[in-house]
Structure formats: structure tokens, C-alpha cells
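J.: This is the structure, below, for whatever I ask next.
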Amino acid sequence: MERLNQTSSVSEFILLGLSSRPEDQKPLFTLFLIMYLVTVTGNLLIILAVRSDPQLHTPMYFFLSFLSFIDICFSTTIVPRMLVNFLSENKTMSYAGCLAQMYFIYALGNTDSYLLAAMAYDRYVAICDPLHYITIMSRRPCVLLVAFSCSLPHFHSLLHILLLNQLTFCNSNVVHHFFCDINPLLKLSCSSIFVNDLTIKTEGLVFGATPFLCIVFSYVRILIAVLRIPSAAGKRKAFSTCGSHFAVVILFYGSIFYVYLQPLSSYTVQDRVATLVYTVLTSMLNPFIYSLRNKDMKRGLGKLLGRRKS
């Protein structure tokens, strides 16, 4: 705590949220409570379906179950605090609490990113090298991919938190956001943010763009392979298994690049809305996208729900 007092005269931040109008708070609370419950329930059903159905014990659904677990944690890091702020006049968060929230948001968000890349690689091997799929995507490589995806983002997140902790916040403590995000906090600092901004634009870009480029490479190869399939039924099946995953990728990375690749000076209220896409909306839509477009997943969910009813 002494360290925090040395680096900042601000002991807490005020999160303004999505709207400061009193009449908006209860409708927003209801909306995000429903979204959070749908997110937790949907992703939990996917995890239970994958664990309970032996036919879903494949690399694709192994990665999907971990993605669902991370989505639950990711949403839980953000939404419950939002819900409290909607109904409370005291919208403050301690300095240490703000840094802790930011750490887990970036660690979990980047874990999502790397898991999406692992899933894209899995689809690439399944479609482009099906004869060696069982060998390449055996249990050991899958576990290593998940371990890598879950561990590396914590070092990335820790770097940005340590750099942020070196800044001085001596003016306003009002954060124009619904969670502790790095860009709004940098705008509040009264010390030089050159190193922070440079790190975001270099290390952050490399760290974020690497899984995205892996996904793009995988899907370009998949598209080339699918177009060579002679039968229309084979093409439909290949596009069906990859289409849902690609839709999640577009939503997730599109909103992230929109928010974080622009100059800090141009950060506006519109970016708060865009942030909702990758922090809240994507985690809620993942269960629908992966289950409604996937026959195996729908069968597994049907078995799970039927077993619960009986």
C-alpha cells in the first residue's frame, strides 16, 4: 500500500459507467443482469455437455470447453461490478482494485485470443491434413496449447500493470468507462505516458496480432482446401464447422482492433460501446454461435438436458 501511495496521490477511481443519467440505471442493470445470466448459463451448459458426452471428447470441443470457462471468468471480472455501480451512488473503486481488475481482464481476454488461435489450428489440421489429425492433435499437444494459452497472457498483462503503476495520477480520478481500462487511465495521468503508449503500440500489437495472423493463415489454407473438395455436401460440412468459429473471431478481433489501434487522443465514448462487444457480447453469443450451427453440440446439449429432466 505504501508503494501505491508513492506512485499516486489518487487512492480510488470513480467509474462513470455507460450512462450517468439516473433513469438509465435500472434498465441497464436489468439488461446486463440478463446478459450475464445467459453468458454463465450458456457457457456452463457447453462445459457440462462436453464433459458428459464421450462423442464430444475431441480436440475441437476440448478447446471449446476451456474457451467457455474463460468466457465465464472474463465476464465475471467485469459485469458484477457494473451491476453494483448501476444501483449504487458510490461508484468508486480502489486504486489497487482497479489495477487488479485490469490485470485479470487483459489476462483472460488474451487467453480467449490464444484459445481462438488454437481452435483455428485444430480446424486447419482437421481439414488440410486429416490423415495425420489424430497424431498431430493428440492429447499432449492439446494440453500444451491450452497451458500456453492460459499462462503467456499473464506475463503480458503483468507488464502493462507494472508500467501503469509507475504513473502519477494527481488530477481527476473520474474514469469515463464501465471498467478499469488502460486508455481512460492513461488519459488521467499527469506524468509522461510515452513508455506506456509505446508498449501498447509495439508489444501489445505484436502480442495481439500474432494469434490473429495465425487464425487468418489457418482460414486462408482452409478456404483453399475446401474449394478443392469436389462434392457440394463436403464443402457445406467444412464451412459449417468453421463458419461459427470465424464469426466469433470477426466479432472479437474487430472490436479490439477498433478500440486499441487508434491514437489515445481520439479515445471517445463510442469506444466504450465498442468495448462491450469483446468484453460482454462475445462471451454471451459464443454458446449460441457454437451450438446452433453445430449438430454434434446440439446433440450433446440435448442429451445433457434430457438427462437432467429425467
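The values are calculated or read from the model by the stated rules, or taken from the named source; none is laboratory data. Computed from a predicted structure; not experimentally measured. Cβ atoms come from the backbone with ideal geometry, glycine included; neighbour counts cover every protein chain shown. Remember, those area values only see protein heavy atoms, side chains included, never the ligands or the DNA or RNA. Shrake-Rupley method; radii C 1.70, N 1.55, O 1.52, S 1.80 Å.
J.: Would you point out the residue of the range 224-238, among those that are of a type outside the set (D, E, K, R) and surrounded by 14 or more Cβ atoms within 10 Å (Cβ to Cβ), that is modelled with the lowest pLDDT?
T.: 238
J.: With (1) open to solvent by less than 60 Å² (accessible area, probe 1.4 Å); (2) assigned to a helix (DSSP H, G or I); (3) aliphatic (A, V, I, L, M); (4) farther than 26 Å from residue 154 by Cα as the list, and residue 215 as the residue in question, which single condition is left unmet?
T.: (4)
J.: With respect to residue 72, determine if the residue is surrounded by fewer than 16 Cβ atoms within 10 Å (Cβ to Cβ) and modelled with pLDDT of 95 or more.
T.: Working: surrounded by fewer than 16 Cβ atoms within 10 Å (Cβ to Cβ): no; modelled with pLDDT of 95 or more: yes.
No, not satisfied.
J.: If you don't mind, another one. May I ask you to list the residues in the range 79-135 that are without any contact (Cβ under 8 Å) to a residue 24 or more places away in the chain and not small (Gly, Ala, Ser)?
T.: The answer is 84, 89, 90, 125, 129, 130, 131, 132, 133, 134, 135.
J.: Hey, another quick one. Mind checking which residues of the range 34-66 are touching a Pro at 6+ places or on another chain (Cβ under 7 Å) and more than 27 Å from residue 136 (Cβ to Cβ)? Give the derivation first.
T.: First, pick out the residues of the range 34-66 that are touching a Pro at 6+ places or on another chain (Cβ under 7 Å): 42-43, 45-46.
Passing the criteria: 42, 43, 45.
J.: Any residue at all in the range 168-183 that's in a helix (DSSP H, G or I), among the aromatic types (Phe, Trp, Tyr), buried (at least 17 other Cβ atoms within 10 Å of the Cβ) and under 22 Å from the mean Cα position of the chain (by Cα)?
T.: There is no residue in the range 168-183 that is in a helix (DSSP H, G or I), among the aromatic types (Phe, Trp, Tyr), buried (at least 17 other Cβ atoms within 10 Å of the Cβ) and under 22 Å from the mean Cα position of the chain (by Cα).
J.: Now a separate question. Working only within the range 6-64, note down all residues that are open to solvent by less than 60 Å² (accessible area, probe 1.4 Å), closer than 18 Å to residue 295 by Cβ and assigned to a loop (DSSP other than H, G, I, E, B).
T.: 53, 58
J.: Determine, yes or no, whether residue 83 is open to solvent by 50 Å² or more (accessible area, probe 1.4 Å) and at pLDDT 90 or above.
T.: When the stated conditions are applied, residue 83 does not pass them.
J.: Hey, could you check the range 122-159 for residues that are small (Gly, Ala, Ser) and part of a helix (DSSP H, G or I) and say which is nearest to residue 242 (Cα to Cα)?
T.: 126
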